[in-house]
Structures are given as C-alpha cells and as structure tokens.
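These notes concern the structure reproduced below.
The values are calculated or read from the model by the stated rules, or taken from the named source; none is laboratory data. These figures come from a predicted structure and were not determined experimentally. No Cβ is skipped: glycine too gets one built from the backbone with ideal geometry, and neighbour counts run over all protein chains shown.
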Amino acid sequence: MTWSMSSEHLQLLIAGYVLGDLDPDEAAEFERHLMEHPAIAAEVSQMQKALELSYAPEVEPPAHLRSAILSAAHEQLSVSNTPLAAVKRPSRQFSWSRAMNVAAAVAIVALGINNYRLWQTLQASQAETQRLAALTYSLQGTKAGNGASAIVVVNPNNLEAVLTVKNLPPLPPGKVYVLWTVLKQDAPFTTDSKSAILTEVFTVDSQGNISQTIVVPKAFRSQGLVSNVAVTVEDAASPQQHQGAPVMITNL
Amino acid sequence: MAEQTGNTEKQLSDQTDAELYLGLKAGHTNALGILYDRHAGLVYGLALKTLGNAQEAEDLTQDIFLNLIKATAYDSRRGSFRTFVAILTRSRAIDRVRSRSTVLSFLERWRPISHSEKTSQSPIEYLFQNEQSQAVQTALAQLSESEQQVLRLAYYEGLSQSEIARQLGIPLGTIKTTTRRSLLKLRQFLTDYIR
C-alpha cells in the first residue's frame, strides 16, 4: 500500500465515506471503485484511523459490559437464532490490527450495499402500503335480515378490520353468520363460485349485537377489487359451502 | 444472505459492518456481538471522554448498541458504520451532559453554541489532548485553524454542514470539500504513524 496509488479525487471520495457525507452519486462511484480495487478498503481503514487518532481515542470497556448488552438484546428481540458463542476477545489496548481485518471485510462492502438496496426497496414498498387509508363498508339488512346493520372498518395496512353488527337475530344452534368479501369477477384471488372469500365466521349476542376485530383478505389493499361485503347464514359445520342468501350486504 | 442464516461466529466475523447491521435489523442478535467487538472501544471511549464518568459511559454504550437493533437508521452508502456510531455516541453523550441540570458548569459549557469554538473543550477533553501522542499533535498542528475546526465540528461535534458554515463563516457549498481535504491532509501527515 503506497500513498500515491490513488488519485486525489478517489482519496477525497474515501474521506467523504469516512466522514459519512457521500451523496448518492458519490456513493455509487465509491462503490464502483471499491469493487474494482478492493485495496481501497485498506485506505478507508487508514483514513478512519487518522480521524480517530485525532478525535476519538478507543478505551477498552469493562469486560462485563459485553454480556450485559447481549443478554439485554436477546431479551429485546423475540426472534433469536443460534445461541451466541461465548467468544473471549483478546484484550487490546489498541484495536487497529483488528481494524485491518475489518478492512478486509469492508472489501466486500458492495455486497452489503446491494443487500441494503434490496432492503430499502422492501422498506419503500412497505411504506407504500402503510399509506393506504382506512376503508369503511356499511352493510344493510336485506329482507331476510330486516332491521340489521353492520359496519366493517378495514385497515388495509395490517389487514385488520373492526366488525360491528347491530340487530342481527341470534341463530339456532348449528348455524353461524359468515362475513364474505365478494370480489370483482376477474380479481386475481382464489374465490368460491360466487366470487366470495370467506372472511369471518361469527355469532351475535342475545341482543343481536357484536363488535370484534377480524383479519381480512389482501384484496382490500387493491382499490376496486372488492365489489361488496356480505353476511349470510351458514351451517356451523361447513360455513365455506356458501349456501345462504345474504342477510346483510353493502351497495344495496 | 439466506445461506448465512445459520451463522457460526466465524462466518459472522467475516461480514461487513453494513451486513451485520442489516442482519441485526432482521433479528440476528449474534450480529450485535461482532459489531460490539469491533466498535465498543470507540463508543465507550467517546462516551467516557464526553461524560467523564465510567458508570454513565457504560450506560450510554449499552444504549447505543441496543438502539442499533431498532431505533437507528444507518445508511451504508453515505459512509462508514464506525463514523455513524461515533457521531451518534457523541450526540447522545452531549444530550446527557446537557440534561445534567445539577451540574451547571457543564450546562454553561454546552449551551452557547454560537461561540463553542472556544468553549466546547471540557477539562476532560483537554486532558485527553495532552495525552495525545506527539505524532498526532504534530500532524494536527500542520493543519490550519479552520481545517482543524471543520474536522472537529463535522466529526467530533457531529454538526450539519449548514451549522458548520454558520459557525465558521464559510460558504455552505465549500464545507464538504474543505472537510474532506482537511481529513486527507491529516491522514497524509500521519502516514508514517498509521500502520
């Protein structure tokens, strides 16, 4: 590694990376350089070292801190994988020899950057989803369910909905109410022969009321795919048969 | 990264900081151990230097690493993870110093941002500078006053470019280049010292 190996332009890019202020164009250029010349990673490490020698000296933390932090982290994360190997690091006054090992790892930083981009894309699409506004479906009783009404408020982001039903007659044993999500004819979802997705099986209390949180199909995330929401009476043993006529429906 | 999910410590330790950070975000707590081994000395050193108290420094170090799991947003394209955690640590440490309402002298020190050029150096930091090696002091001395300031404000104080421009009276458009050139210069003066 000689100092003169790289252009000043590249050195300034490295400095920018170490200072954490690359703009997107520069970041792309830096990434390209790094892929073409893995030795740049060592330069990054040395530049970092120059900065830290001057402004941020390392101090070895107390030995117990590592395990304290890691056990707190394990508690914090429900997702745990392989048990953490108790790796005893050699005590180090100054970690720059280690940092050079890290520098070698930095040489494949491009992989990390690519993963990061995938992750960002994922985040972006999730963010897109997060912006969907709540949908409210108002159901009115048909002749069969005269006087009944229901409101379904759907949060398309987490696909949860609150189903509130009023004045629906309590059913005899062996019968249940079923909430159906009825889709447009060509919607790209698996439905039954009546274009419906069984969404929730429920019963009402003695006053004919109920309010509960339910999970709804993904179709609610695509505007215009849901043609209506309906409630029928079905056999408790096979509610999916979809035999009954609607007792409540939207868009009457 | 699918084939790396069954990580052994060895495989993890081969990963870049950026990869480990993403792994951690995805719930792999083992990644935290490696990030800790690489950067705890830096975080603890900065915390201790700023807070001047071992217990508080430990506490802050724990906060910094645990917050990596959820609360922080490191952008691996903009710069090094190490600088990210260093600036984060300093910023949190300064917050804590500011909130020590009982220690007025500290408050006095941090509040007047407008003339922090002269005042932001605490006795602890001053002590540290006396402990800096001769080589580092010599290298720093070869930078102009404004070159030293711009580096210090950008890295050690973690100020934004516009804040630096305001404090130093330098045009905003030149801050980035000035900071990078200053670091490059410092690195060149330290060439023989960095191994």
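Listed here are the residues, each with its yes/no results for (1) more than 21 Å from B:Asp63 (Cβ to Cβ); (2) modelled with pLDDT of 90 or more; (3) small (Gly, Ala, Ser).
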residue	(1), (2), (3)
A:Met1	yes, no, no
A:Ile14	yes, yes, no
A:Lys49	yes, yes, no
A:Ser54	yes, no, yes
A:Pro83	yes, no, no
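Take A:Ile214 and decide whether it is touching a helix residue (DSSP H, G or I) at 6+ places or on another chain (Cβ under 8 Å) and either part of a loop (DSSP other than H, G, I, E, B) or surrounded by 13 or more Cβ atoms within 10 Å (Cβ to Cβ) (or both). So A:Ile214 does not fit the description; no.
Taking the conditions (1) assigned to a strand (DSSP E or B); (2) buried (at least 16 other Cβ atoms within 10 Å of the Cβ) in turn, A:Val153 satisfies each one other than (2). For region B:129-141, the tally of residues that are assigned to a loop (DSSP other than H, G, I, E, B) and under 17 Å from A:Ala15 (Cβ atoms) stands at 0.
Residues that are at the interface with chain A (Cβ under 7 Å from one of its Cβ atoms), hydrophobic (A, V, I, L, M, F, W, C) and under 13 Å from the mean Cα position of the chain (by Cα) within region B:39-70 comprise B:Ala40, B:Leu42, B:Leu46, B:Leu48, listed in sequence order. Just one of the listed residues (A:Thr232, A:Thr199, A:Thr203, A:Thr181) is surrounded by 18 or more Cβ atoms within 10 Å (Cβ to Cβ) and over 27 Å from the mean Cα position of the chain (by Cα), namely A:Thr232. Across region B:142-161, the qualifying residues are those that are free of Cβ contacts under 8 Å to residues at least 12 places away in the same chain and in a helix (DSSP H, G or I), and the one among them that is surrounded by the fewest Cβ atoms within 10 Å (Cβ to Cβ) is B:Glu145. Cβ-Cβ distances below 6 Å connect the following pairs, each with a first residue in region B:171-184 that is facing chain A (nearest Cβ under 7 Å), a second residue that is among the β-branched types (Val, Ile, Thr), and a separation of six or more residues or different chains: B:Thr179/B:Val150. Scoring B:Arg90 on the criteria (1) touching a helix residue (DSSP H, G or I) at 6+ places or on another chain (Cβ under 7 Å); (2) facing another protein chain (nearest Cβ under 7 Å); (3) at pLDDT below 95 leaves a single failure, condition (2). With respect to the conditions (1) under 30 Å from A:Met35 (Cβ atoms); (2) touching a helix residue (DSSP H, G or I) at 6+ places or on another chain (Cβ under 7 Å), B:Tyr44 lacks only one, and its number is (1). Inside region B:9-20, residues that are under 21 Å from A:Gly20 (Cα atoms) and more than 8 Å from chain A (Cβ to nearest Cβ) make up a count of 1.
In this structure, is A:Glu8 charged (D, E, K, R) and touching a residue at least 40 places away in the same chain (Cβ under 8 Å)? No; evaluated as a whole, the condition is false for this residue.
Could you list, in sequence order, all residues of region B:51-80 that are buried (at least 23 other Cβ atoms within 10 Å of the Cβ) and over 24 Å from A:Ser45 (Cα atoms)? The answer is B:Leu51, B:Ala57, B:Leu60.
Of the residues examined, A:Gly208 is one that is surrounded by fewer than 18 Cβ atoms within 10 Å (Cβ to Cβ) and in contact (Cβ under 8 Å) with a residue 60 or more places away in the chain.
Condition check ((1) at pLDDT below 90; (2) part of a helix (DSSP H, G or I); (3) within 9 Å of chain A (Cβ to nearest Cβ)) across all residues:
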position	(1), (2), (3)
B:Gly27	yes, no, yes
B:Gly33	no, yes, yes
B:Asp37	no, yes, yes
B:Thr72	yes, no, no
B:Arg78	yes, no, yes
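When B:Thr191 is tested against the conditions (1) buried (at least 20 other Cβ atoms within 10 Å of the Cβ); (2) at the interface with chain A (Cβ under 9 Å from one of its Cβ atoms), the lone failure is (1). Of all residues being facing chain B (nearest Cβ under 7 Å) and of a type in the set (Ser, Thr, Tyr) in region A:51-77, which is surrounded by the most Cβ atoms within 10 Å (Cβ to Cβ)? Just the residue, please. The selected residue is A:Ser54.
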